[in-house]
Amino acid sequence: MKQAIDLAGMFIDKGPLGIYRNHENKKTIIKDLNRGTLFTKPLVILINNESASASEFITAALRDHNRAIVVGSKTYGKGTIQQVVPLRRDAGYIKITIEKMYGFKGDTHQGIGIQPDIEFPSLFVGLESGESANENFIKNDTIVKDIYFKIPTAKNYENLRAKSLARIKKSKASKTIEKINSDLLNYLNKERKLAISVKGIKEDSDKFDAIFEKSDDLEMKHETFEVVNLEDFKEILAYNKDKAKLNSYAIESIQTDHEIEETYRIISDYIKQLSN
């Protein structure tokens, strides 16, 4: 969380980032103590169901400050803080929940996740896993805390949302995602016999894998932008073959990622909108 607070503070000048509440209902305002910003230009944050805890804290703080547009799909929904405590006589460790996180407006993403301003299609609609899937998860609630800070009025991204939706509807990736999601729901929700033999398990596995055969269509090299390394990082790669190989995979992954491409288009539209 220390890194999350420092990172969020890089993009806002000053003010609260969130609130912690402990089991005694004591509330602590989390502030950006370092005046100034390192980056003041427009921001877009890309999230999905794997975004949890500290990343959700940063997302909520920057959105509450009207500092970033949030795009993607709903986050995991972990708004609690744990402490690991050693047990006596080397018996192991126990993880204890000690606090709950809230945005400085008093709401929390605990158990429900953060809904993006602009939503992208997801392979796992209707199948999302998250904090609420855990037994006895801590419920979502809201709090009231006096904060002497002018809360920014939420911005309207309807124009950006409409443009993004129009592009998504036309994209081949979107149609592929909807098809895979539909097949996945049908496969998992239909009644079927439980396989207990090696042959049966293999057949089940093959049927499941066949659903994702079309996922190759999601990796389409786009021409919207080119992904390159910074000049100083190129020098590092020149002397480290293993790192260079991993980097080439990362470059290709970004260059063929339809969600990153759409995120780029949204930030481009936003910059044009601000300049008009």
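The values are calculated or read from the model by the stated rules, or taken from the named source; none is laboratory data. Since we're looking at a predicted model, the values are computed, not measured. All Cβ positions, glycine included, derive from the backbone under ideal geometry; neighbour counts span all protein chains shown. Heads up: the accessible areas ignore ligands, DNA and RNA and are worked out on the full protein's heavy atoms, side chains in. Shrake-Rupley method; radii C 1.70, N 1.55, O 1.52, S 1.80 Å.
With respect to the conditions (1) open to solvent by 100 Å² or more (accessible area, probe 1.4 Å); (2) within 19 Å of ASN48 (Cα to Cα), ILE112 lacks only one, and its number is (1). Among the residues of the stretch 79-123, those that are touching a helix residue (DSSP H, G or I) at 6+ places or on another chain (Cβ under 7 Å) and aromatic (Phe, Trp, Tyr) comprise PHE104, PHE120. Among residues of the stretch 1-23 that are in contact (Cβ under 8 Å) with a residue 40 or more places away in the chain and over 19 Å from PRO152 (Cβ atoms), those with a Cβ under 6 angstrom from a residue that is assigned to a helix (DSSP H, G or I) and open to solvent by less than 20 Å² (accessible area, probe 1.4 Å), sequence gap 6+ or separate chain, pair up as ALA4/PHE57.
Taken over the stretch 87-109, the residue count meeting the criterion of being open to solvent by less than 30 Å² (accessible area, probe 1.4 Å) and either of a type in the set (Lys, Arg) or modelled with pLDDT under 90 (or both) is 2. Checking each residue in the stretch 259-276 for being open to solvent by less than 40 Å² (accessible area, probe 1.4 Å) and closer than 19 Å to ASN66 by Cα picks out THR263, ILE266, ILE267, SER268, ASP269, TYR270. Once the stretch 181-224 is narrowed to residues that are in contact with a helix residue (DSSP H, G or I) (Cβ under 6 Å, 6 or more places away or on another chain) and touching a residue at least 40 places away in the same chain (Cβ under 8 Å), the residue that is surrounded by the fewest Cβ atoms within 10 Å (Cβ to Cβ) is THR224.
Applying the selection to the stretch 209-224, what residues are among the β-branched types (Val, Ile, Thr) and under 23 Å from ASP269 (Cα atoms)? Don't jump to the end; show me each part of the working.
Here is the first cut: in the stretch 209-224, the residues among the β-branched types (Val, Ile, Thr) are 211, 224.
Once the filter is applied, which keeps residues that are among the β-branched types (Val, Ile, Thr) and under 23 Å from ASP269 (Cα atoms), the stretch 209-224 yields only THR224.
Among the candidates PHE233, PHE212, PHE225, single out the residue that is under 20 Å from SER182 (Cβ atoms) and either touching a strand residue (DSSP E or B) at 6+ places or on another chain (Cβ under 6 Å) or of a type outside the set (Val, Ile, Thr) (or both). None of the other options fit; the residue is PHE212.
The listed residues are GLU119, GLU131, and the only one of them that is open to solvent by less than 50 Å² (accessible area, probe 1.4 Å) and acidic (Asp, Glu) turns out to be GLU131. When LYS163 is tested against (1) without any contact (Cβ under 8 Å) to a residue 40 or more places away in the chain; (2) open to solvent by 70 Å² or more (accessible area, probe 1.4 Å); (3) outside any loop (DSSP other than H, G, I, E, B), exactly one condition is not met: (1).
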